[in-house]
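For reference, the structure discussed in these notes is given below.
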Amino acid sequence: MTAEKALLRSPSVGAPPPAGTTSPATWKGWGVALFTTLCFSSLPPVIKYAILLGIDPTILLALRYVGGALLLAGTMAIFAPHRLRAERSLIYFAVIAGLGYAATVLLFSWSLTRLDTSVASMTFSLNPLLVLGILAFKGEKFTYRNVIRLALGITGVYLLIGAGGQVDLTGILMIVAAMFSMQVYLFTIQWRLAQYDARTVGVYLVSAIAVAMLGVWLVQGTAWHNPGWQGWLAVGWLAVIGTFLVQLTMVVSLRSIGSGQMALLNPLETLLTVTWSVLFLSEHLTAVQWVGGSFILVSVLLAIQRVRRAKAVKVYKAPRAQQISRG
């Protein structure tokens with residue numbers, strides 16, 4: 001989902017190639033980016049499938065992120081142990097960002113107990129519109145084009161969850177709450193962590209998320225039940241493919257084409273998620289809902305293009321002595 005991609009997309013890993021270049025590295029970057037998008041698109045349907053198997057969403061996420069954190073930290077310890085060294089400030093802000101992201105993933109996953117995956121994913125994909133609203137609140141000019149983007153998004157949501165069919169209101173409110181908690185993660189990353197290496201940030205972020213999920217599980221008090229081989233297969237997919245592998249492929253993509261170009265693939269990711277949900281989860285969208293979803297995707301694409309040009313949010317620059325070596 002878009003939220004999952006944001007987890008790995010935001011930390012800086014180097015500038016993208018100059019505009020207009022078509023070097024082999026750039027083509028490789030687009031190929032890896034498409035593969036990464038394909039992997040991300042599979043995550044909401046897999047989570048929904050695990051929930052249909054009877055696995056508690058909190059337990060599912062705890063297993064996923066603990067496994068992902070162990071794989072990332074173990075791989076880093078073997079191949080690049082120096083990247084595990086981190087300044088206290090990096091760890092501190094990674095924990096803040098991780099808590100914000102943990103809340104986002106928990107809310108989204110629990111919404112899937114009430115909503116179809118396709119409806120939840122399309123609604124959450126409106127997150128760039130919320131970012132535009134926050135930028136406007138901070139002083140970014142709100143143009144008539146932003147009004148058009150917002151109108152398309154609101155119309156799409158109405159057709160998707162209002163006129164198009166009966167949708168659980170509590171589930172939608174969970175998605176809205178997830179979109180707001182996502183902002184804690186996004187702005188912490190951009191203001192405080194963007195200057196650090198993405199691999200180092202990723203390890204500490206995923207570790208913080210894993211600890212948060214274990215804490216929620218403990219407070220929730222849900223009893224442990226063996227999920228069975230199908231459940232373990234879903235956990236393995238989420239931990240290995242959805243957390244560990246995409247961390248590696250995302251770094252390759254960012255170095256080749258940059259985060260702005262990766263963001264343009266978000267509507268494709270949402271469309272693929274809907275496709276998998278219809279094909280493998282037997283979900284059904286009415287004709288009106290398909291129209292609403294199309295409005296949402298167009299609105300999101302336009303919003304992403306505007307966010308890429310926004311100047312209001314400045315990246316925090318740590319003193320040189322505090323920055324982590326990228327060697």
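Read the figures in this text as sums done on the coordinates, not as results from a lab. Values in this document were obtained by computation on a predicted structure and should not be read as measured data. Glycine gets a Cβ as well: all are built from the backbone with ideal geometry, and neighbour counts include every protein chain shown.
Data for the structure
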| quantity | calculated |
| --- | --- |
| Shape category assigned to segment 177-304 from the gyration tensor of Cα positions, a/c cut at 1.5 | oblate |
| Sparsely packed chymotrypsin sites (Phe, Trp or Tyr not before Pro) within segment 210-248, loop by DSSP, other Cβ within 10 Å at most 16 | Trp224 |
| Potential extension, Trp229-Leu53 segment - 0.36 nm per residue separation minus Cα distance | 62.3 nm |
| Gain upon complete extension [Ala77, Trp191; 0.36 nm per residue less C-alpha separation] | 38.3 nm |
| Compactness of segment 141-231 as Cα Rg over 2.2 N^0.38 Å, two decimals | 1.58 |
